[in-house]
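Engineer: The following block contains the structure, expressed as structure tokens.
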Ligand SMILES: *Cc1c(COP(=O)(O)O)cnc(C)c1O
């Protein structure tokens, strides 16, 4: 295993690297430990209850977001095989990837076109439901399309939802928040993508731009919400509700795996690769995947070489007490969904007994894979969302990744393995910008 000094040196020089988590436990031991250290974490029943809350809101989703009518108001993305991509990478990695490779296409999630439609939507509907129940205008048995009624909108319109965001969380909260009648204020850093800012403003969201990075935008949001009883702050760094909302994805994925007759068991391991920013989305999903699949699932997070905050926090054991700026990393990445300098301490600690590891990836590779995925499968992802697609390559062609397979007795099982790369966003990217991404990827010389 790599020494921590060696790892930090690679991070400082923006070299792609892979860290294997030395503190991972068997899932039984991990959950026993977490029950003591984090008794507030959701158990499987709590995740199912969150899924049911989302289902209660299905009639409202259908009326507010007609694109959800086909799925009967369920906000879910398809699990898609990507065999052409799997073949296309061979010349660039110099060999094959064993196993069956899928994309979990959260780029196609309704409402906000990214993984943030899971946690973000969940936290806001939970808040809306709580207010309506308190006010006595809602029964849990009611048809929740009533949330479109004036009576509900005027109640919720008294409240302002505040959130700090690099872009996609703001888009998600802004869209669902405004649809329910809330006022919404989104604090963003100055490097937020212009089209995301415009889209939010067109929905009547108050966007406040800050001359600083994401953590400061979050802190500003927290401060502005604190003094006002009619303000509700969505805390991307610590929110339990976001975490639970993301966790629901594991139940949905399990059903898709069953429906598609994919085997997951001791001889058919499942590998899941999740792009990581502050950690909430991949953290909630990883946690619940371990609840659902136990020791048969192996989970890696993926971060840009210029924003490896979770790797730095977990590998040093300092969690949110260290930021990438502390080791002079500049946070300059086009993967705006992942451009976070300080990871969630809560998520880092929860993942310590569960996670297999974290790898980093350069922006050039994100763009090159964006191009290859588009050429081979006609799929369009935003740069952040490609990070999970180098996971299987790292497993076989990074020496630390390969050693991890060997150490876990997995090498002889890899023909029967399933790889799921989480494609975390993309469908809202304007066509002209997507074209420029694809062109940029095409122009890069390809090694993967
Ligand atoms: C936010 C985001 C992530 C990561 O989620 P975190 O909760 O910040 O770790 C990954 N991909 C995209 C496209 C995102 O917007």
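Engineer: Going through region 85-110 one residue at a time, which ones are within 16 Å of the ligand (Cβ to nearest atom) and touching a strand residue (DSSP E or B) at 6+ places or on another chain (Cβ under 9 Å)?
Structural biologist: We begin by selecting, within region 85-110, every residue within 16 Å of the ligand (Cβ to nearest atom); these are 103-110.
Within region 85-110, 103, 104, 105, 106, 107, 108, 109 meet the criteria.
Engineer: Also: Could we say that residue 401 is touching a helix residue (DSSP H, G or I) at 6+ places or on another chain (Cβ under 9 Å) and more than 25 Å from residue 1 (Cα to Cα) here?
Structural biologist: no
Engineer: A follow-up question, please. Only one of 143, 191 is more than 22 Å from residue 76 (Cβ to Cβ) and more than 19 Å from the chain's Cα centre (by Cα); which? Break it down into steps so the answer makes sense when it comes.
Structural biologist: On the way: 143 fails: more than 22 Å from residue 76 (Cβ to Cβ).
When all the criteria are applied, what remains is 191.
Engineer: What residue, of 275, 269, is touching a residue at least 12 places away in the same chain (Cβ under 8 Å), crowded, with 24+ Cβ neighbours inside 10 Å, outside the structural domain of residue 173 (by TED's automatic domain parsing) and more than 16 Å from the ligand (Cβ to nearest atom)?
Structural biologist: Answer to the check: 269.
Engineer: Ok, one more. Return the total of residues in region 402-415 being more than 26 Å from the chain's Cα centre (by Cα) and either within 16 Å of the ligand (Cβ to nearest atom) or assigned to a helix (DSSP H, G or I) (or both).
Structural biologist: The number of residues fulfilling the criteria is 7.
Engineer: Do we have residue 317 as out of contact with any strand residue (DSSP E or B) (no Cβ under 8 Å at 6 or more places or on another chain), touching a residue at least 12 places away in the same chain (Cβ under 8 Å) and either on the phi < 0 side of the Ramachandran plot or more than 13 Å from the ligand (Cβ to nearest atom) (or both) here?
Structural biologist: no
Engineer: Identify, from the list 225, 192, 179, the residue that is part of a helix (DSSP H, G or I) and either within 16 Å of the ligand (Cβ to nearest atom) or touching a strand residue (DSSP E or B) at 6+ places or on another chain (Cβ under 7 Å) (or both).
Structural biologist: Details: 192 fails: part of a helix (DSSP H, G or I); 179 fails: either within 16 Å of the ligand (Cβ to nearest atom) or touching a strand residue (DSSP E or B) at 6+ places or on another chain (Cβ under 7 Å) (or both).
Result: 225 is the single residue among 225, 192, 179 that is part of a helix (DSSP H, G or I) and either within 16 Å of the ligand (Cβ to nearest atom) or touching a strand residue (DSSP E or B) at 6+ places or on another chain (Cβ under 7 Å) (or both).
Engineer: For residue 336, state whether it is within 18 Å of the chain's Cα centre (by Cα), in contact (Cβ under 8 Å) with a residue 24 or more places away in the chain, crowded, with 19+ Cβ neighbours inside 10 Å and away from the ligand (no atom under 12 Å from the Cβ). Reasoning before the result, please.
Structural biologist: Details: within 18 Å of the chain's Cα centre (by Cα): yes; in contact (Cβ under 8 Å) with a residue 24 or more places away in the chain: yes; crowded, with 19+ Cβ neighbours inside 10 Å: yes; away from the ligand (no atom under 12 Å from the Cβ): no.
Judged against the criteria, residue 336 is not a match.
Engineer: Mind checking which pairs have a first residue in region 228-241 that is closer than 17 Å to residue 181 by Cα and a second that is surrounded by fewer than 16 Cβ atoms within 10 Å (Cβ to Cβ) and at pLDDT 95 or above, Cβ under 9 Å, 6 or more apart or different chains?
Structural biologist: Sorted first by the residue in region 228-241, then by its partner, the pairs are 230/158.
Engineer: When region 171-184 is examined, which residues are found to be touching a helix residue (DSSP H, G or I) at 6+ places or on another chain (Cβ under 7 Å) and farther than 24 Å from residue 431 by Cβ?
Structural biologist: 173, 176, 177, 179, 180, 181, 182, 184
Engineer: Pick from region 419-448 the residues that are buried (at least 20 other Cβ atoms within 10 Å of the Cβ) and either away from the ligand (no atom under 16 Å from the Cβ) or outside the structural domain of residue 85 (by TED's automatic domain parsing) (or both): which of them is farthest from residue 282 (Cα to Cα)?
Structural biologist: Here the answer is 441.
Engineer: Can you name every residue in region 379-401 that is within 20 Å of residue 90 (Cβ to Cβ), crowded, with 24+ Cβ neighbours inside 10 Å and within 16 Å of the ligand (Cβ to nearest atom)?
Structural biologist: 386, 388, 389, 390, 391
Engineer: Quick check on residue 316: is it surrounded by fewer than 23 Cβ atoms within 10 Å (Cβ to Cβ) and within 30 Å of residue 217 (Cβ to Cβ)?
Structural biologist: yes
Engineer: A follow-up question, please. Check 286, 281 and return the single one that is under 15 Å from the mean Cα position of the chain (by Cα), near the ligand (Cβ under 9 Å from one of its atoms) and in contact (Cβ under 8 Å) with a residue 60 or more places away in the chain.
Structural biologist: Answer to the selection: 281.
The values are calculated or read from the model by the stated rules, or taken from the named source; none is laboratory data. Everything numeric in this text was worked out from a predicted model, so none of it was measured. Cβ: placed from backbone, ideal geometry, glycine included. Neighbour counts: every protein chain shown.
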